[in-house]
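Trainee: If you scroll down you'll find the structure; I have some questions about it.
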Amino acid sequence: MATNHPDHLKNDKVKNIISSWSFFNDLRTLAFVLKPLCNMVLALERRTADLSDCYFGLACISAAMKKLPRQINQEFRNHCIKTNNKRFQEFDKDNYLLALSNS
């Protein structure tokens, strides 16, 4: 876009961001992390959703984050892992674990 249609992009800052390769790599990484999150939201919107769907969704998000290369933005990666771990700690209660074992 920036090279083929430079007349459409008036803002030089936007042009520089879009022209860099890291912009598209960052978008690809973000999409990779958000896909399981979107799938989890869709699963939880079902009428038949229960606690195990939420737990499974968190596990899928964890698996996606584990596949992230270490070369990506380390601050973003650490934030994702920290947030996901915080959510898993919310499930670390005996009543929840008992309910999950019965589902």
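Bear in mind these aren't lab numbers, they're just calculated from the coordinates by the rules spelled out. Remember, predicted model here, so these are calculated numbers, not experimental data. With ideal geometry, Cβ positions are generated from the backbone for all residues, glycine too; neighbour counts draw on all protein chains shown.
Trainee: Past 24 Å, Cα to Cα: identify those pairs from Lys15/Lys82; Lys35/Lys66; Lys35/Lys86, in the order given.
Mentor: Lys15/Lys82
Trainee: What does a probe at Asp26 reach in the range 60-90, counting residues whose amide N is under 14 Å from the point 7 Å along Cα→Cβ?
Mentor: The answer is 72-77, whose backbone nitrogens lie closer than 14 Å to the label point.
Trainee: Take Cys38 and Val14, extend 7 Å from each Cα along the Cα→Cβ direction, and tell me the distance between the two endpoints in nm.
Mentor: Here the modelled spin labels are 2.2 nm apart.
Trainee: Residue by residue through the range 26-31, which ³J(HN,Hα) values in whole Hz follow from phi under the Karplus form 6.51 cos²θ - 1.76 cosθ + 1.60 (θ = phi - 60°), with glycine and proline marked x?
Mentor: Taking θ as phi minus 60°, the curve returns 5, 5, 5, 5, 4, 5 Hz for the range 26-31.
Trainee: If R0 is 22 Å, what FRET efficiency do you get for Cys60 and Tyr96 from their C-beta distance, rounded to 0.05?
Mentor: That pair, Cys60 with Tyr96, gives E of 0.80.
Trainee: If contacts are Cα pairs under 8 angstrom and at least 6 residues apart, what is the relative contact order of the range 35-103 in percent?
Mentor: 32
Trainee: Peptides 53-63, 76-86, 39-49: what's the order by average Cβ count within 10 Å, highest mean first?
Mentor: Most protected by this proxy first, the peptides run 53-63, 76-86, 39-49.
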